[in-house]
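Throughout, read-outs are computed from the coordinates displayed, never taken from laboratory work. The structure displayed is predicted, hence computed values, not measured ones. Please note: Cβ atoms are built from the backbone with ideal geometry, for glycine as well, and neighbour counts cover all protein chains shown.
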Amino acid sequence: MKIVVLVKEVPDTYGDRKLNLETGLAERGASDRVLDEIGERALEVALKYADANAGTEVQVVSMASEDAAATIRKGLAMGAATALQVVDPALAGADLGVTARVLAAAVQRAGFDLVITGNLSTDGSGGVLPAMLAEHLGVPQATALSAVTIADGSVSGTRASDAGAAQVTAPLPAVISITEALPDARFPNFKGIMAAKKKPFETVSLADLGVDIDPASAPQSILTTVSEKPPRGAGVKITDEGDAGEKLAAFLIENRLA
């Protein structure tokens with residue numbers, strides 16, 4: 001079985017996150033850049049299956065700038081056999097539609113029985129990429145899974161909802177996405193880090209994938225304006241002089257909170 005796991009380099013969750021007010025893009029250098037945790041959890045699902053099933057190949061696929069290679073290589077150190085990275089200047093600021101098209105082409109190039117992704121990245125938080133990817137690939141999808149079981153010819157899992165939990169199953173090939181309910185990822189050990197340096201790491205461009213993202217042929221989202229979040233106000237302090245309840249009610253009504 002061939003399992004492809006989508007991973008992404010993101011700004012450190014615990015660091016500063018800033019937007020460039022001229023381009024509207026995230027300032028990637030404003031904080032440390034790390035492998036997205038939800039992608040690591042997706043990789044752990046694949047590696048756990050591979051550990052128990054000989055002959056399973058796990059490949060990580062990512063779309064990122066060239067300097068993200070060191071971060072993506074962590075997936076190899078964790079245990080993935082190969083990596084494929086899409087690097088192209090034209091992808092700077094790519095929206096979800098473009099990203100889905102490019103990643104679908106990359107996955108097709110890699111070849112797959114199962115694609116595993118996180119339900120949403122910590123930087124974009126779009127949450128729709130797995131479904132878009134499945135549409136481009138023409139395969140079933142099972143998204144937002146809190147438990148996963150991979151078998152010969154199918155994948156199943158649990159999807160939580162406000163009304164309870166649903167058991168879903170899809171035949172392979174398929175795309176699934178997982179939530180943070182899945183276990184934490186393993187840490188790369190020294191042996192894995194050293195082995196990662198010799199594992200196949202392919203870098204491809206849009207031309208290699210045969211993808212054209214010219215806006216004339218593929219309309220994209222257009223950013224019209226961007227601004228900094230306004231500073232938080234001091235708030236309103238209500239002193240109880242026998243009429244605090246009335247003042248509180250008036251404040252809630254005035255701010256449309258009641």
For Ser177, distant residues with modelled amide H under 5 Å away: Thr117, Ala142, Thr143, Ala144, Leu145
Mind checking which of Leu47, Leu96, Leu248 has the largest fluctuation in a GNM of the chain, springs on alpha carbons under 10 Å? Leu248
Which residue fluctuates the most in the chain, going by a Gaussian network model with Cα springs under 10 Å, if the choices are Lys18, Lys48, Lys229? Lys229
Candidates Glu180, Glu246, Glu202: whichever shows maximal mean-square fluctuation once the chain is modelled as a Gaussian network with Cα springs under 10 Å: Glu246
Correct choice for mean projected area of the Cα convex hull in nm² that was computed from the model, options (1) 18.8; (2) 12.8; (3) 15.1: (1)
As a percent rounded to 5, the proportion of antiparallel DSSP bridges among beta bridges in the chain is 40
Please determine, in degrees from 0 to 90 and to the nearest 10, the orientation of helix 96-110 with respect to the longest principal axis defined by the Cα atoms of the chain, where the helix direction is its Cα long axis. 20
Sum up the charges of everything whose Cβ sits under 13 Å from the Cβ of Val204, counting Lys and Arg as +1 and Asp and Glu as -1, but leave Val204 out. -3
Suppose R0 equals 35 Å; then what is the FRET efficiency for Leu21 and Ala207 from their Cβ-Cβ distance, rounded to the nearest 0.05? 0.60
In degrees rounded to 10, the 0-90 angle between helix 244-254 Cα long axis and the longest Cα principal axis of the chain is 60
Reduced to Cα centres, the span from region 109-187 to region 41-97 in Å works out to 16
Tell me the label-point distance for the pair Arg186, Ser156, using the 7 Å Cα-to-Cβ offset, in nm and rounded to one decimal. 2.6
Gained length - Val226 relative to Glu254, 0.36 nm times residue gap less alpha-carbon distance: 7.3 nm
Using the structure shown, select from Lys18/Lys198; Lys74/Lys191; Lys48/Lys191; Lys8/Lys229; Lys18/Lys48; Lys74/Lys229 the pairs with a Cα to Cα distance greater than 24 angstrom. Lys18/Lys198; Lys8/Lys229; Lys18/Lys48; Lys74/Lys229
Options Ala52, Val107, Leu84, ranked by Cα towards positive dipole end of region 2-209, top entry (Cβ charges): Ala52
Cβ-derived FRET efficiency at R0 30 Å, Val236 paired with Leu96, nearest 0.05: 0.15
Rounding to the nearest 10 and keeping the result within 0 to 90°, find how far the Cα-based axis of helix 69-78 lies from the longest principal axis of the chain. 70
